[in-house]
Structure formats: C-alpha cells, structure tokens
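Novice: Please find one structure pasted underneath; my questions will follow.
The values are calculated or read from the model by the stated rules, or taken from the named source; none is laboratory data. The structure displayed is predicted, hence computed values, not measured ones. Backbone-built Cβ (ideal geometry, glycine too); neighbour counts: all protein chains shown. The accessibility values were calculated without ligands, DNA or RNA, using every heavy atom of the protein model including side chains. Shrake-Rupley method; radii C 1.70, N 1.55, O 1.52, S 1.80 Å.
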Amino acid sequence: MDAVFSNFDEYLKAFGLTIGLFVVSGIASLVLGTILAVFRVGPVSVLNKAAAVYVTMFRNTPLLMIFVFIFIAMPVMGYNFKVVEDIEIAGYNVSAFFFRACLALTLYTSAFVCEAMRSGVNAVPLGQAEAGRAIGLTFAQSMNLVILPQAVRAVIPPMTSVLIALAKNTSVAAAFGLAEATATMRGFTNDNADQRIGIFLAFAVGYIIVVEVISLVSYGIERKVKVAR
C-alpha cells in the first residue's frame, strides 16, 4: 500500500470527487424522482403517461449508454455545457465534465427513485387521500401534507438500496475523464503493478466506508421516523 500512502492526497481527492458526484446526483435524483412519482399517481393523464414513459425508458437503458449520449453525442449536437464553468461555488469553478456526469447519473437514478417513492405512496391507505379530500385539500396539498410524509416511512429501505447503487454507479464516470476513485485506482495500479493487491484493498475499504455511512444514515433516519410515528 506504499503507493496509496505516498499519494494519500490524491486518494482523498479521488474519494472527494466520488462523494461529490454522489451527493449532487443523489439530491437531484431525489427531487426529480419525487416529482415523477407525484406525476405517476396524479390525476393528470398527460403527466402520468409522460412520467411512465420516462421511467420505462431510463430504467431499461444501460447507464453506460446514457453516459455515452451525454458525453459524446450531445457535444456533437452542440450541447457541451461549457456555460456551467462560469459558476463558482465556495471558490471552485464547476467542471463541465462533472456536470455531465451528474446529469447522466441523475437521469438514470431518478427513474428508480420514482418507482421507490411510488411504492411508498401506494403503501399509504386509500382512506388517507379520501380524508384529505373530505376536508377540502387539493391534490397537491393532500400529497404534501398527508400522503408523502407517510410514504417516507415505507420508502426508506428501498431508497437506501437505490442510493447505495448510485454510490457504486459513480465509477462509470471513470471512463469519461473524471479522476474519481475507480479512475485513480486504475492509475495507481498502472504505475505500481507490483502493489495492485494493496491498492485494490485500499480503494475497496474506501468504497465500503462510503456505503456504510449511507447505510448508517438511512438507519438513523428510519429509527427517528419510527419514534416519531
């Protein structure tokens, strides 16, 4: 593991980028996926069908193909997302490559978030929605105040699985120029072939820590929800 310890700053930067991809894509996926879930259970037929088409298309498209389309096809079509590089956050300029990777991960993961959230909504007794309508709540108010808060209780376990899959899916970005954990591990291995086992173990431990943190946070949220219930 000398190669890792002697370049530990690169090791930390690699996992920092991996975590950055996960956090940004995770938040965006939760927002977009929840909106899609609301459309799928909503009364507007056009939105319902549009959301169903989106989910069917992206759930059945390999993530690698989405990356290829966004990183290769879209620039040819004139969409290179260079405008995001003018955005500065905490002293750092956003990379167009980072934005493209987050976009690909979000488009893919939001479809799974939608289905997980929809299963949670379907787990809420129908009488809850009827009670909301009985007291004069609109569909949006009923979803926001009655249905979604209860659906969260049922959706935490499957949502945790989706987010863990997202954390592992960030490795696909290694093939498209982002020096995240998998790409850095490959670079370390190429430069230090005699230490490949130690390098692999070091990065495997890093991924395990990331996944365990996600699991522990999910477990903590689930316990708080049960106590509140």
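Novice: Being out of contact with any Ser or Thr (no Cβ under 8 Å at 6 or more places or on another chain), open to solvent by 50 Å² or more (accessible area, probe 1.4 Å) and within 24 Å of residue 35 (Cα to Cα) is true for just one of 212, 130. Which residue is that?
Specialist: Numbers: 212 fails: within 24 Å of residue 35 (Cα to Cα).
Sole residue among the options that is out of contact with any Ser or Thr (no Cβ under 8 Å at 6 or more places or on another chain), open to solvent by 50 Å² or more (accessible area, probe 1.4 Å) and within 24 Å of residue 35 (Cα to Cα): 130.
Novice: While we're here: Can you pull out every residue in the range 113-127 that is touching a residue at least 60 places away in the same chain (Cβ under 8 Å) and open to solvent by 60 Å² or more (accessible area, probe 1.4 Å)?
Specialist: Selection gives 118, 122.
Novice: Checking the conditions here, which among 49, 82 is among the basic types (Lys, Arg), over 23 Å from residue 119 (Cβ atoms) and free of Cβ contacts under 8 Å to residues at least 24 places away in the same chain?
Specialist: Details: 49 fails: over 23 Å from residue 119 (Cβ atoms).
So the residue among 49, 82 that is among the basic types (Lys, Arg), over 23 Å from residue 119 (Cβ atoms) and free of Cβ contacts under 8 Å to residues at least 24 places away in the same chain is 82.
Novice: Would the range 32-40 turn up any residue that is touching a Leu at 6+ places or on another chain (Cβ under 6 Å) and either in contact (Cβ under 8 Å) with a residue 40 or more places away in the chain or not in a helix (DSSP H, G or I) (or both)? First the steps, then the outcome.
Specialist: Applying the first criterion (touching a Leu at 6+ places or on another chain (Cβ under 6 Å)) to the range 32-40 yields 39.
Now narrow it down to the ones that are either in contact (Cβ under 8 Å) with a residue 40 or more places away in the chain or not in a helix (DSSP H, G or I) (or both): none.
No; the residues of the range 32-40 include none that is touching a Leu at 6+ places or on another chain (Cβ under 6 Å) and either in contact (Cβ under 8 Å) with a residue 40 or more places away in the chain or not in a helix (DSSP H, G or I) (or both).
Novice: Kindly indicate the residue of the range 65-110 that is small (Gly, Ala, Ser) and part of a helix (DSSP H, G or I) and also modelled with the lowest pLDDT among those meeting that condition.
Specialist: Within the range 65-110, the first condition is being small (Gly, Ala, Ser), and the residues that meet it are 73, 78, 90-91, 95-96, 101, 104, 110.
Narrowing further to those that are part of a helix (DSSP H, G or I): 73, 96, 101, 104, 110.
Numbers: 73: 90, 96: 81, 101: 92, 104: 95, 110: 96.
Looking at the filtered set, the residue picked out is 96.
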